[in-house]
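Notes follow once the structure below has been shown.
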Protein chains: 2
Amino acid sequence: MTENKELYDCIIVGGGPAGFSAGIYAARYKLKTMVIAKSMGGTGAKAHKIENYPGFPSISGMDLMKKFQEQYEEYDVDLQADEVKSVKKGDDGMFIVVAGDKEYRARAVILALGKKRRKLNVPGEEEFAGKGVSYCATCDGMFFKDKVVGVVGGSDAAAMAALLLSAHATKCYLIYRGDELRAEPIWTERVVKEPKIEIIYDTNVTEVKGEGMVKSVMLDKEYEGSQELALEGLFVEIGSTPSVVLAKELGVETDEKGRIKINSQAATNMPGVYAAGDVTVGICEMEQIVTAAAEGAIAAASVYEGLLS
Amino acid sequence: MTENKELYDCIIVGGGPAGFSAGIYAARYKLKTMVIAKSMGGTGAKAHKIENYPGFPSISGMDLMKKFQEQYEEYDVDLQADEVKSVKKGDDGMFIVVAGDKEYRARAVILALGKKRRKLNVPGEEEFAGKGVSYCATCDGMFFKDKVVGVVGGSDAAAMAALLLSAHATKCYLIYRGDELRAEPIWTERVVKEPKIEIIYDTNVTEVKGEGMVKSVMLDKEYEGSQELALEGLFVEIGSTPSVVLAKELGVETDEKGRIKINSQAATNMPGVYAAGDVTVGICEMEQIVTAAAEGAIAAASVYEGLLS
């Protein structure tokens with residue numbers, strides 16, 4: 001283990017929109033800053049087209065994240081492509097971040113760890129990701145204008161996705177493994193009332209099929225005489241899990257969904273530890289690039305103010 | 001008074017970053033939406049250089065706001081360049097927005113009213129407004145080529161104005177009442193390094209003097225042996241106050257600084273009324289384009305969810 005002797009003002013763990021926005025702001029506050037992430041871009045980089053980040057009518061997630069990264073690199077700051085193995089608080093009150101085979105020290109840390117979308121784990125799902133398979137109706141719904149789509153799930157998020165999609169698509173199947181949606185009654189009612197939505201209960205998707213783009217899914221039981229259901233888009237809305245392992249080891253408080261609790265200043269329960277983006281409960285329940293970027297900026301401002309005091 | 005018979009789902013009052021971000025999101029939620037603003041761009045358009053909006057290493061406020069507006073115009077939505085005179089709640093529960101000589105109706109409103117530049121309120125300020133006294137270095141800086149100018153203030157905006165002016169003027173005094181600039185360190189550093197800028201600390205401007213055009217200002221203490229400082233342009237950059245007249249008339253609650261109180265869903269105390277951007281207390285105390293844009297997105301999401309229920 002090599003110890004990096006330099007003491008950083010701020011180490012940001014995570015290279016998604018929240019992490020890079022935090023990095024840009026921290027650099028502008030002249031904080032000695034490092035961003036460490038296994039891969040740059042986070043979940044944002046996976047969106048095949050982003051049309052709702054203000055400033056860019058249409059850009060791929062990868063390209064937008066490249067712009068964030070390039071902007072960060074304008075400043076005299078460090079960027080380390082490594083997996084962070086642990087974040088601990090030392091006896092001297094400084095944080096010790098272990099990444100790769102190196103150890104870094106910082107006065108404050110920003111956890112922008114992101115989350116992982118839960119997947120169906122069925123054949124074809126990965127192959128057609130971004131080619132009809134999506135994990136974000138708000139992001140990608142527009143691309144399915146006048147098409148037939150499906151949503152997998154029975155939660156609020158699934159119901160909302162189906163409603164949102166029904167505004168664009170000609171038809172939207174809501175495919176749920178249970179016999180009753182578990183969404184709030186109000187969502188369920190809306191879904192049931194929407195003529196474009198057809199709910200398929202007690203059913204699982206077992207395979208995604210297509211040629212270049214999604215053409216159908218296989219179901220684990222027949223629906224209207226066939227186990228194959230033709231559709232052009234499949235939205236997987238079966239939840240996501242925040243990547244909080246590092247945070248929990250450090251002692252940071254999470255909510256019942258496992259998300260890091262932050263206040264309006266992006267501070268966690270631990271002094272010197274801030275968090276931003278999808279790994280947190282957030283400033284609201286939205287998980288958007290613009291809200292993650294705002295949280296990153298807020299976290300950096302709080303680190304700056306915290307170090308001044 | 002012409003009544004516009006159409007009922008909007010959402011009318012957004014204000015054409016700055018918060019308003020347009022709200023517009024983009026509302027349009028994507030397929031809400032029937034209108035943005036109404038006297039001038040498009042808001043305070044954001046006045047910044048001569050923006051380097052901290054994630055995605056753009058360096059862009060003028062005007063250009064960034066044009067991008068927001070163009071993105072909004074991608075959608076089938078209305079944009080009305082008019083001054084909003086009043087927002088009221090009708091007996092039927094719908095909101096009535098009067099702008100220019102027209103009346104519009106909406107199920108929900110988003111107040112993205114922004115703020116107004118604060119004035120010095122000293123003799124001569126009003127008399128010489130537009131004759132040497134300015135509130136926008138971006139707009140008027142170029143008229144002071146090879147002249148001596150002054151900037152009043154110590155914030156980011158004041159520092160930026162001084163830097164911008166130093167590109168045109170032969171000399172730029174930065175006159176601040178405090179003993180240390182409160183600008184971001186990166187701006188402070190640039191100001192201190194710029195040989196054309198001379199900072200006068202602990203000093204207030206008490207009067208603007210001239211003949212037809214500004215010729216000097218009076219200071220409340222001597223600087224280099226005199227209380228009179230010769231200059232041809234004075235840029236007032238001492239902050240701004242939230243434009244809450246419309247909100248107060250409607251009955252929306254504000255805080256002790258006159259900013260609209262919102263919760264984490266951008267909702268005000270009045271059902272159906274949401275607010276975003278600099279006119280609000282905000283999701284934190286930051287007044288940044290990225291936080292305003294995030295609030296706009298949150299407000300639109302809340303309108304969408306509110307209308308479903």
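Derivation of every value follows stated rules applied to the coordinates shown; laboratory data play no part. Note that the coordinates shown come from a computational prediction; the quantities given were computed from them, not determined experimentally. When we count neighbours, we look across all protein chains shown, and the Cβ atoms used for this are built from the backbone with ideal geometry, even at glycine.
Taking amide H as placed 1.01 Å from N in the peptide plane, residue A:41 has its amide H under 5 Å from the amide H of A:15, A:16, each at least 5 places away in sequence or on another chain.
About the centre of its Cα atoms, chain B shows a dipole size close to 360 debye [charges on the beta carbon of Lys, Arg (+1) and Asp, Glu (-1) only; nearest 20 debye]. Between A:157, A:124, A:54, the Cα set farthest toward the positive side of the dipole of chain A (charges on each charged residue's Cβ, about the Cα centre) is that of A:54.
Calculate how many DSSP beta bridges within the protein assembly as shown are antiparallel, expressed in % of all such bridges and rounded to the nearest 5. About 40 percent, rounded to the nearest 5.
Please report the antiparallel percentage of DSSP beta bridges with both residues in the stretch B:119-236, rounded to the nearest 5. Around 40 percent of the beta bridges assigned by DSSP in the stretch B:119-236 are antiparallel ones. For residue A:248, the lysines whose Cα falls under 17 Å of its own Cα, not counting residues fewer than eight places away in the same chain, are A:85, A:88, A:89, A:115, A:116, A:257, A:261. Within straight-line reach of residue B:66, meaning a Cα separation under 15 Å, sit the following aspartates and glutamates at least 8 residues removed in sequence or on another chain: B:74. Which percent, to the nearest 5, of DSSP beta bridges fully inside chain A are antiparallel? Here the antiparallel bridges make up roughly 40 percent for chain A. Rounded to the nearest 20 debye, the dipole magnitude of the stretch A:193-266 is 380 debye, with +1 charges on Lys and Arg beta carbons, -1 on Asp and Glu beta carbons, and the Cα centre as origin. Taking every alpha-carbon pair under 8 Å whose residues sit at least 6 apart, the stretch B:119-236 reaches a relative contact order of 32 percent. Taking a straight line from the alpha carbon of residue A:209, these lysines sit under 21 Å away, with near neighbours fewer than eight places off in the same chain left out: A:46, A:119, A:131, A:145, A:147, A:171, A:221. Listed by Cβ neighbour count within 10 Å, with the fewest neighbours leading, A:188, B:291 appear as A:188, B:291.
As a size descriptor, the averaged projected area of the C-alpha convex hull of chain B was calculated at 17.0 nm². Cα centroid separation, the stretch A:126-163 to the stretch B:107-181: 48 Å.
For the stretch A:107-115, the Karplus equation 6.51 cos²θ - 1.76 cosθ + 1.60, evaluated at θ = phi - 60°, returns couplings of 6, 8, 10, 10, 8, 10, 7, x, 9 Hz by residue, with Gly and Pro reported as x. By the beta carbon rule, with partners counted only under 4.7 Å, chain A holds these lone Cys residues: A:10, A:172, A:284.
In this structure, the amide hydrogen of residue B:240, modeled 1.01 Å from its nitrogen in the peptide plane, lies closer than 5 angstrom to those of B:118, counting only residues at least 5 positions away or on a different chain.
Mind running the shape call on the protein assembly as shown? Use the C-alpha gyration tensor, a ≥ b ≥ c as the square roots of the eigenvalues: rounded below 1.5 for a/c, prolate if a/b tops b/c, oblate otherwise.
Judged from the Cα gyration tensor, the protein assembly as shown comes out oblate (a/c at least 1.5, b/c at or above a/b).
As a proxy for reagent exposure, ranking B:28, A:107, A:182 by other Cβ atoms within 10 Å from fewest up yields A:182, A:107, B:28.
Normalised size of the stretch A:119-236, defined as Cα radius of gyration per 2.2 N^0.38 Å with N residues, equals 0.95.
Sequence-distant contacts, meaning Cα pairs under 8 Å at least 6 residues apart, place the relative contact order of chain A at 21 percent. Taking GluC sites (Glu not before Pro) across the stretch A:1-91, the ones in a DSSP loop with at most 13 further Cβ atoms lying within 10 angstrom of their Cβ are A:74, A:83. Exposure proxy ranking for B:91, B:202, A:278, A:9, based on other Cβ atoms within 10 angstrom of each Cβ and starting from the fewest, stands as B:91, B:202, A:9, A:278. For the stretch B:168-176, backbone phi angles converted through the Karplus equation (6.51, -1.76, 1.60; θ = phi - 60°) give residue-by-residue couplings of 9, 7, 7, 8, 9, 7, 10, 9, 10 Hz, Gly and Pro being listed as x. A simple rule links phi to the HN-Hα coupling: the Karplus curve 6.51 cos²θ - 1.76 cosθ + 1.60 with θ = phi - 60°, which for the stretch A:70-77 gives 4, 5, 4, 6, 4, 9, 7, 9 Hz, with x for Gly and Pro.
Put a plus charge on the Cβ of each Lys and Arg, a minus charge on the Cβ of each Asp and Glu, and nothing anywhere else: the dipole of the protein assembly as shown about its Cα centre is then about 200 debye. Applying both filters, DSSP loop and at most 16 other Cβ atoms within 10 Å, to the GluC sites (Glu not before Pro) of the stretch B:166-238 gives B:180, B:224. Between the alpha-carbon centres of the stretch B:82-106 and the stretch A:218-278 there is a gap of 40 Å.
The other copies place their residue B:256 label points at 3.5 nm from this one, listed shortest first, where each point is 7 Å from Cα along Cα→Cβ.
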